[in-house]
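The values are calculated or read from the model by the stated rules, or taken from the named source; none is laboratory data. Please read these numbers as outputs of a predicted model, since none were measured by experiment. Positions of Cβ are backbone-derived with ideal geometry, glycine not excepted, and every protein chain shown enters the neighbour counts.
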There are 2 protein chains.
Amino acid sequence: MSALKNDTFLRALLRQPTDYTPLWLMRQAGRYLPEYNATRARAGDFLTLCKTPDLATEVTLQPLARYPLDAAILFSDILTVPDAMGLGLYFAPGEGPRFERPLRDEWEIRDLSAPDPNDKLGYVMDAVRSIRRALDNSVPLIGFSGSPYTLACYMIEGGSSDDYRHIKTMLYSRPDLLHRILEVTTRAVIDYLNAQIEAGAQAVMIFDSWGGSLTPHAYREFSLSYMERIVAALIQERDGRRVPSIVFTKGGGNWLEAMAAIGADAVGLDWSTDIGEARRRVNGKVALQGNLDPNALHGSADNIRIEAARILDAYGNHPGHVFNLGHGISQFTDPAKVGVLVEAVHNHRRALQAA
Amino acid sequence: MSALKNDTFLRALLRQPTDYTPLWLMRQAGRYLPEYNATRARAGDFLTLCKTPDLATEVTLQPLARYPLDAAILFSDILTVPDAMGLGLYFAPGEGPRFERPLRDEWEIRDLSAPDPNDKLGYVMDAVRSIRRALDNSVPLIGFSGSPYTLACYMIEGGSSDDYRHIKTMLYSRPDLLHRILEVTTRAVIDYLNAQIEAGAQAVMIFDSWGGSLTPHAYREFSLSYMERIVAALIQERDGRRVPSIVFTKGGGNWLEAMAAIGADAVGLDWSTDIGEARRRVNGKVALQGNLDPNALHGSADNIRIEAARILDAYGNHPGHVFNLGHGISQFTDPAKVGVLVEAVHNHRRALQAA
């Protein structure tokens, strides 16, 4: 396999020196791009888009055609794993993801098993292979999964929730059942991420969207410990190159030190933490990824440059920073503003060095 | 005015020794209580309940009739101030609060002015006086307001939001307009809280429900600095007794040190922070209020005792702890479980002392 033309992102994740701060954006292939909406309209619905490797490849590459981003991320959904477990994922118009068969009864939980990723999730591996071919070693491809706790939230609530009442009721009254779900889901996520790596993913990210809704004690027991097991079981190296891992708990700013200690190469930050303080707190143990407020992209071009510089200056001239948003890009973002951000981030350190 | 029979709550807020850890619960007068639902049905709708002093008094006292809580809190809504500013508060069924006239245009913002609390908000002051009479010096009465930033969120978004797109767009493109709204709202909140204190509120709390959605920099500039101005302008003493103030930013765990430095007597914590660590971080500057996950009340009685003890033990045997939930109680809570919690908290230190 030939060498990557741009490995800045992978080097930053391993805290190696880079010429500039690399960046990619969570949900960079998404509804703010008219070309994405056109492909999605052709697909008919979101799940078909995820499950058709040619279309997933097409949308994965769209933001890279517009902007000189330093990584591609597999276009998929975090709920493919519970879907493959038989819960019946669907998208109700305007409602977000839902499961036909949420987990509530003990017998359903006892019956749960981890799917073979190359069978039920073969369409994801096909997409990974297809995207790698299309990228042609220009930038690395990131694979990803939801965290076990986040997947369990959706599996038990049956969809998005504003109070997590069902999973928390289980957590506070039948923790044994919740642990059973998390055990099976953890095995499934390990197999899923390793299959993505074998298919060609060059870095992996675990999205813990809802771990931040837990108490510190419950976070360690029900979310972080399972992410730690996943990180320990990931394929470390592929084609002679380390496959770095990133963990991201939205709202996890209180627990940075604990997150930095589970063996992942990098920790993702939402925008509620000062990245300079975060760097001091993790004390060189991990790289950091983040952390612009996605709503900052609704601001003026000048203000986007100011907000980007605030983050870059707070991190400072140290290795180990991947610039990103603190959460997925808003569908209401003007694509021209993304161009302003990419240019501002890429030029920041060069401008400082030239000064 | 005769002396309070139970001043444990006020003493704890001032970090004075108490025999046990006092508690009250955010939204303790609410939909989990059948008697509340009966009064609300009689009122017809939520706003009438808020605006009728006799009914507001009735529901304020309902939880105190069931449980030996250490404080009452004025039954009202955080959006009474923008309603009095003319934005037209209403509640759409199943949708939460909404404004008929959200603030979007510059001329509307320039026209905004702080209402006279004894005129437009006279029904709140009548409720405070009526509740004080009904309480008959049994426990203290807490007055409250939303924080300027939180009120501005509702005023600009027009209701609840999951992305705060409109206020953040203003923040990142026309910060001058947002500051104008915050200035006027700050003056209104100062007048509103001082009128509540004059009417009989014995402590006041500022609810910053949405400040946690900001970056650390924006939080200081757009939320904390205005709360600091409010705290500095509050009536300090009434009837020979200090009127303590509590500030609470949901999701503000990252910024505890800054919150502890604005002059309030106490800081409220949601459940994402370990209260023992929080105590060390604020270093005796303030009392702490919190911080049980409201969903813990869906757990078994044994587990409620364990979770309560975890918080009480983490805080330890130091003055300055008011037990509370980390957010409002869920409408799905079994009232019997609240009884379990109240007993567990009240008996904890006594049991330790007897051991």
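Any residue that is of a type outside the set (Lys, Arg), more than 12 Å from chain B (Cβ to nearest Cβ), more than 18 Å from A:Asp208 (Cα to Cα) and surrounded by fewer than 22 Cβ atoms within 10 Å (Cβ to Cβ) - is there at least one of those in the stretch A:300-308?
No, the conditions are met nowhere in the stretch A:300-308.
Restricting attention to the stretch A:179-202, report how many residues are buried (at least 24 other Cβ atoms within 10 Å of the Cβ) and either in contact with a strand residue (DSSP E or B) (Cβ under 8 Å, 6 or more places away or on another chain) or farther than 29 Å from A:Gly122 by Cβ (or both).
Looking only at that region, the number is 6.
Do the conditions hold for A:Ser173, that is, is it without any contact (Cβ under 8 Å) to a residue 40 or more places away in the chain, more than 13 Å from every other protein chain (Cβ to nearest Cβ) and at negative phi? Don't jump to the end; show me each part of the working.
Details: without any contact (Cβ under 8 Å) to a residue 40 or more places away in the chain: yes; more than 13 Å from every other protein chain (Cβ to nearest Cβ): no; at negative phi: yes.
Criteria not met by A:Ser173.
Say we look at the stretch B:203-226 and pick out the residues that are more than 14 Å from chain A (Cβ to nearest Cβ) and hydroxyl-bearing (Ser, Thr, Tyr); which of these is surrounded by the fewest Cβ atoms within 10 Å (Cβ to Cβ)? So that I can check it myself, show each step before the final result.
Here is the first cut: in the stretch B:203-226, the ones more than 14 Å from chain A (Cβ to nearest Cβ) are B:203-207, B:225-226.
Checking which are hydroxyl-bearing (Ser, Thr, Tyr) leaves us with B:225-226.
Values: B:Ser225: 16, B:Tyr226: 26.
It comes out as B:Ser225.
Please determine whether any residue of the stretch B:233-250 is within 14 Å of another protein chain (Cβ to nearest Cβ) and either modelled with pLDDT of 95 or more or not in a strand (DSSP E or B) (or both).
Yes, the stretch B:233-250 has at least one match.
If you go through the stretch B:166-175 one residue at a time, do you hit one that is touching a strand residue (DSSP E or B) at 6+ places or on another chain (Cβ under 7 Å) and buried (at least 16 other Cβ atoms within 10 Å of the Cβ)?
Taking the stretch B:166-175 first, the residues touching a strand residue (DSSP E or B) at 6+ places or on another chain (Cβ under 7 Å) are none.
No, the stretch B:166-175 contains no residue that is touching a strand residue (DSSP E or B) at 6+ places or on another chain (Cβ under 7 Å) and buried (at least 16 other Cβ atoms within 10 Å of the Cβ).
If a residue has to be farther than 20 Å from A:Thr8 by Cβ and of a type outside the set (Gly, Ala, Ser) to count, how many in the stretch A:22-40 make the cut?
10
Out of all the residues in the stretch B:152-167, which are facing chain A (nearest Cβ under 9 Å) and free of Cβ contacts under 8 Å to residues at least 12 places away in the same chain?
B:Asp162, B:Asp163, B:Arg165
Confirm whether B:Ile78 is surrounded by fewer than 19 Cβ atoms within 10 Å (Cβ to Cβ) and among the β-branched types (Val, Ile, Thr).
On the way: surrounded by fewer than 19 Cβ atoms within 10 Å (Cβ to Cβ): yes; among the β-branched types (Val, Ile, Thr): yes.
Considered against the rule, which asks whether it is surrounded by fewer than 19 Cβ atoms within 10 Å (Cβ to Cβ) and among the β-branched types (Val, Ile, Thr), B:Ile78 comes out as yes.
Conditions tested, residue by residue: (1) within 14 Å of chain B (Cβ to nearest Cβ); (2) surrounded by fewer than 16 Cβ atoms within 10 Å (Cβ to Cβ); (3) in contact (Cβ under 8 Å) with a residue 24 or more places away in the chain; (4) not aliphatic (A, V, I, L, M).
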position	(1), (2), (3), (4)
A:Asn295	yes, no, yes, yes
A:His298	yes, no, yes, yes
A:Asn317	no, yes, yes, yes
A:His346	no, no, yes, yes
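Those residues that are of a type outside the set (Gly, Ala, Ser) and touching a Ser or Thr at 6+ places or on another chain (Cβ under 8 Å), I need them from the stretch B:316-339; list them, please.
Applying the first criterion (of a type outside the set (Gly, Ala, Ser)) to the stretch B:316-339 yields B:317-319, B:321-325, B:327, B:329, B:331-335, B:337-338.
Scanning the stretch B:316-339 gives B:Pro319, B:His321, B:Val322, B:Phe323.
Kindly evaluate A:Ile275 against the criterion of being under 22 Å from A:Tyr20 (Cβ atoms), surrounded by fewer than 21 Cβ atoms within 10 Å (Cβ to Cβ) and within 14 Å of another protein chain (Cβ to nearest Cβ). Can you show your working first?
Details: under 22 Å from A:Tyr20 (Cβ atoms): yes; surrounded by fewer than 21 Cβ atoms within 10 Å (Cβ to Cβ): no; within 14 Å of another protein chain (Cβ to nearest Cβ): yes.
Judged against the criteria, A:Ile275 is not a match.
Checking the conditions here, which among B:Ala71, B:Ala84, B:Ala65 is out of contact with any helix residue (DSSP H, G or I) (no Cβ under 7 Å at 6 or more places or on another chain), crowded, with 20+ Cβ neighbours inside 10 Å and at pLDDT 95 or above? Working first, answer last.
Values: B:Ala71 fails: out of contact with any helix residue (DSSP H, G or I) (no Cβ under 7 Å at 6 or more places or on another chain); B:Ala65 fails: crowded, with 20+ Cβ neighbours inside 10 Å.
Going through B:Ala71, B:Ala84, B:Ala65 in turn, just one is out of contact with any helix residue (DSSP H, G or I) (no Cβ under 7 Å at 6 or more places or on another chain), crowded, with 20+ Cβ neighbours inside 10 Å and at pLDDT 95 or above: B:Ala84.
Looking only at the stretch A:319-344, which residues are over 13 Å from A:Pro22 (Cα atoms), more than 12 Å from every other protein chain (Cβ to nearest Cβ) and touching a helix residue (DSSP H, G or I) at 6+ places or on another chain (Cβ under 6 Å)? Reasoning before the result, please.
Restricting attention to the stretch A:319-344, the residues satisfying the condition of being over 13 Å from A:Pro22 (Cα atoms) are A:326-340.
Then drop every residue that is not more than 12 Å from every other protein chain (Cβ to nearest Cβ), which leaves A:335-336, A:338-340.
Result: A:Val340, single match.
Considering each residue of the stretch B:154-174, count those that are in a helix (DSSP H, G or I) and touching a Gly at 6+ places or on another chain (Cβ under 9 Å), and give that number. Step through it out loud before you land on a result.
Here is the first cut: in the stretch B:154-174, the ones in a helix (DSSP H, G or I) are B:154-157, B:165-173.
Those left that are additionally touching a Gly at 6+ places or on another chain (Cβ under 9 Å): B:154, B:166, B:168-169, B:171-173.
The qualifying residues number 7.
Per-residue answers, yes or no, for (1) within 30 Å of A:Arg305 (Cβ to Cβ); (2) in a helix (DSSP H, G or I); (3) of a type in the set (Val, Ile, Thr):
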{"position": "B:His179", "(1), (2), (3)": "yes, yes, no"}
{"position": "B:Asp191", "(1), (2), (3)": "no, yes, no"}
{"position": "B:Phe222", "(1), (2), (3)": "yes, yes, no"}
{"position": "B:Gly263", "(1), (2), (3)": "no, no, no"}
{"position": "B:Asp270", "(1), (2), (3)": "no, no, no"}
{"position": "B:Arg280", "(1), (2), (3)": "no, yes, no"}
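How many of the residues making up the stretch B:82-111 are closer than 11 Å to B:Tyr154 by Cα and either among the aliphatic types (A, V, I, L, M) or in a helix (DSSP H, G or I) (or both)?
5
Among the candidates B:Leu49, B:Leu55, single out the residue that is free of Cβ contacts under 8 Å to residues at least 40 places away in the same chain, buried (at least 17 other Cβ atoms within 10 Å of the Cβ), within 17 Å of B:Ala29 (Cβ to Cβ) and over 19 Å from the mean Cα position of the chain (by Cα).
On the way: B:Leu49 fails: over 19 Å from the mean Cα position of the chain (by Cα).
Unique residue meeting the criteria: B:Leu55.
Does the stretch B:13-30 contain any residue that is closer than 30 Å to B:His166 by Cβ, surrounded by 13 or more Cβ atoms within 10 Å (Cβ to Cβ) and at pLDDT below 95?
At the first step, the residues of the stretch B:13-30 found to be closer than 30 Å to B:His166 by Cβ are B:26-27, B:30.
If we keep only those that are surrounded by 13 or more Cβ atoms within 10 Å (Cβ to Cβ) as well, we get B:26-27, B:30.
Still in the list and also at pLDDT below 95: none.
The answer is no, given that none of the residues of the stretch B:13-30 is closer than 30 Å to B:His166 by Cβ, surrounded by 13 or more Cβ atoms within 10 Å (Cβ to Cβ) and at pLDDT below 95.
Output the residue which, of all residues in the stretch B:135-174 that are among the hydrophobic types (A, V, I, L, M, F, W, C) and more than 21 Å from the chain's Cα centre (by Cα), is farthest from B:Leu10 (Cα to Cα). Break it down stepwise before answering.
Going through the stretch B:135-174, the residues among the hydrophobic types (A, V, I, L, M, F, W, C) turn out to be B:135, B:139, B:141-142, B:144, B:151-153, B:155-156, B:167, B:170-171.
With more than 21 Å from the chain's Cα centre (by Cα) added as a condition, the list becomes B:156, B:167, B:170-171.
Numbers: B:Ile156: 35, B:Ile167: 36, B:Met170: 39, B:Leu171: 37 Å.
Residue satisfying both the conditions and the ranking: B:Met170.
Could you tell me how many of the residues in the stretch A:228-259 are touching a strand residue (DSSP E or B) at 6+ places or on another chain (Cβ under 9 Å) and closer than 22 Å to A:Asp313 by Cβ?
1
Need the failing condition index for A:Gly284 against (1) more than 9 Å from chain B (Cβ to nearest Cβ); (2) crowded, with 24+ Cβ neighbours inside 10 Å, just the number.
Here A:Gly284 clears every test but (2).
Is it the case, given these coordinates, that A:Lys120 is of a type outside the set (A, V, I, L, M, F, W, C) and away from every other protein chain (no Cβ under 14 Å)? Walk me through how you get there before you give the answer.
On the way: of a type outside the set (A, V, I, L, M, F, W, C): yes; away from every other protein chain (no Cβ under 14 Å): yes.
The answer is yes for A:Lys120.
Can you give me the number of residues within the stretch A:227-244 that are touching a helix residue (DSSP H, G or I) at 6+ places or on another chain (Cβ under 6 Å) and either crowded, with 23+ Cβ neighbours inside 10 Å or among the acidic types (Asp, Glu) (or both)?
So the count comes out to 3.
Answer yes or no: is there a residue in the stretch B:330-345 that is at pLDDT below 95 and either on the phi > 0 side of the Ramachandran plot or hydroxyl-bearing (Ser, Thr, Tyr) (or both).
No - not one qualifying residue is present in the stretch B:330-345.
From the set of residues in the stretch A:251-261 that are in a loop (DSSP other than H, G, I, E, B) and either surrounded by 24 or more Cβ atoms within 10 Å (Cβ to Cβ) or in contact with a Gly (Cβ under 8 Å, 6 or more places away or on another chain) (or both), which is nearest to the other protein chains (Cβ to nearest Cβ)?
Among those that are in a loop (DSSP other than H, G, I, E, B) and either surrounded by 24 or more Cβ atoms within 10 Å (Cβ to Cβ) or in contact with a Gly (Cβ under 8 Å, 6 or more places away or on another chain) (or both), it is A:Gly251.
Can you name every residue in the stretch A:307-329 that is modelled with pLDDT under 95 and basic (Lys, Arg)?
The answer is none; no residue qualifies.
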